[in-house]
Amino acid sequence: LKKVQLFENLNVEQLQRIMSIARKQWFTAGTVLFQEKDFGAAFYILLKGSIKIYTRSTSGDEKVLSLLQSGESFGELSLLDGRPRSASAQTLEDSTLLVISGNDFHELLREQFEITRHIMAQLCRRLRDTNQHVYDLTFVDSRTRVLKNVILLANRHGSRAGNIITIKMPLNYDELAQMAGVAKQELSQVLRDLEDRHILTFSPNAYKLDLARLNG
Ligand code: CMP
């Protein structure tokens, strides 16, 4: 549990309290945990796997809002403001989650300020990310958006060894393009260009980003 950002500063007693109210659940890849506009009934902590947070237009087009990896949590928004789910959530890999009911979540926030502080910090971070995304969509050209997105994924989800960052990538091309807000064809062109310059190399389910070449 120490790996979970939310629990970083908690003592053993506090962690035991969480284990007493949380249910551990396993989901296969592709499971929709909840849909946008559903009633929010639970809070989720991802122990293993990855989650896609996304929204859909009325015509069915999808937009990936965020990719969450192990240690991250979600589902707090609708519990806090009592309104429907703001987005949908789906497992991208087989995933293990801790699920906490809405009532227990509220009790936890009342009891443990460290968790409340962390949830507030997470909301701040998501608002900043959203502002950055709006900025990028408004002011930044699409090639740069793709590159920024690759760097963001590398920073958040990559593991670094020297100059090489390996990004385990459960998103497919469509999802990557939606995340960067570019057409799929443009995404392919930029990725091919980065590959030609040996900045990015691809292996099944992973990208390797060479920082020396990126900065060179
Ligand atoms: P909730 O609205 O209950 O259900 C969807 C969840 O997705 C939401 O809580 C947040 O935890 C998460 N979420 C919504 N929008 C974003 C976003 N832009 N970036 C990251 N996570 C988000």
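For Y135, only one of the following conditions fails: (1) within 16 Å of the ligand (Cβ to nearest atom); (2) surrounded by 12 or more Cβ atoms within 10 Å (Cβ to Cβ). What is its number?
Evaluating Y135 over (1) within 16 Å of the ligand (Cβ to nearest atom); (2) surrounded by 12 or more Cβ atoms within 10 Å (Cβ to Cβ) leaves (2) as the failure.
Checking the structure you have, find out if any residue of the range 139-151 is free of Cβ contacts under 8 Å to residues at least 40 places away in the same chain, β-branched (V, I, T), surrounded by fewer than 18 Cβ atoms within 10 Å (Cβ to Cβ) and closer than 26 Å to V182 by Cα. Don't jump to the end; show me each part of the working.
Initial filter on the range 139-151 (free of Cβ contacts under 8 Å to residues at least 40 places away in the same chain): 139-141, 144-145, 148-149.
Cutting the leftovers down to β-branched (V, I, T) gives us 140, 144.
Add one more test, that the residue is surrounded by fewer than 18 Cβ atoms within 10 Å (Cβ to Cβ), and what stays is 140, 144.
Retained after the next criterion (residues that are closer than 26 Å to V182 by Cα): 140, 144.
Yes - at least one qualifying residue is present in the range 139-151.
Here is a yes/no grid of residues against (1) under 24 Å from N155 (Cβ atoms); (2) in a strand (DSSP E or B); (3) out of contact with any helix residue (DSSP H, G or I) (no Cβ under 9 Å at 6 or more places or on another chain):
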{"residue": "G40", "(1), (2), (3)": "no, no, no"}
{"residue": "S59", "(1), (2), (3)": "no, no, yes"}
{"residue": "K63", "(1), (2), (3)": "yes, yes, no"}
{"residue": "S66", "(1), (2), (3)": "yes, yes, no"}
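Under 8 Å between Cβ atoms, which residue pairs at least 6 apart in sequence (or on different chains) link something in the range 113-137 that is farther than 13 Å from E72 by Cα with a partner that is within 11 Å of the ligand (Cβ to nearest atom)?
Matching pairs, first to second residue: D129/S66.
Output the qualifying pairs, or none if there are none: Cβ atoms under 8 angstrom, residues six or more apart or on different chains, first residue in the range 59-77 and free of Cβ contacts under 8 Å to residues at least 40 places away in the same chain, second residue aromatic (F, W, Y) and near the ligand (Cβ under 7 Å from one of its atoms).
L68/F74
Every residue in the range 81-97 that is open to solvent by 20 Å² or more (accessible area, probe 1.4 Å) and either over 20 Å from R23 (Cα atoms) or near the ligand (Cβ under 8 Å from one of its atoms) (or both), please.
Hits for the range 81-97 are D81, G82, R83, P84, S86, L92.
The values are calculated or read from the model by the stated rules, or taken from the named source; none is laboratory data. From a predicted model like this one, the values you see are computed outputs, not experimental measurements. Virtual Cβ from ideal backbone geometry, glycine too; neighbours counted across all protein chains shown. Heads up: the accessible areas ignore ligands, DNA and RNA and are worked out on the full protein's heavy atoms, side chains in. Shrake-Rupley method; radii C 1.70, N 1.55, O 1.52, S 1.80 Å.
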